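Written below as structure tokens is the structure these notes are about.
Coordinate-derived values only; no laboratory data. Fair warning: this is a prediction, and the values are worked out from it, not measured in the lab. Cβ: placed from backbone, ideal geometry, glycine included. Neighbour counts: every protein chain shown.
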Amino acid sequence: AGQTGQMLAGLLGWSQATFASKVELDVEKKEATVMREIDGGSEEVRCRLPVIITTDLRLNEPRYASLP
């Protein structure tokens, strides 16, 4: 489990970034900057587009419904 992104990137010949906690795209430069969590803290990775990005749970900020 957890290897779908890596396998897809390998089959397509695209760049990959795994366990992303923050993603910024620069379409003009055709580049993605990905902040990823590693054992010793965090790491910033820059990848050329197209890229396959798999995410960490921290990327999502849940929105809670407000009740009347």
Residues that are out of contact with any Ser or Thr (no Cβ under 8 Å at 6 or more places or on another chain), surrounded by 11 or more Cβ atoms within 10 Å (Cβ to Cβ) and among the β-branched types (Val, Ile, Thr), drawn from the stretch 1-31: none
Qualifying positions in the stretch 5-26 - over 12 Å from the mean Cα position of the chain (by Cα) and either without any contact (Cβ under 8 Å) to a residue 12 or more places away in the chain or assigned to a strand (DSSP E or B) (or both): Met7, Gly10, Leu11, Gly13, Asp26
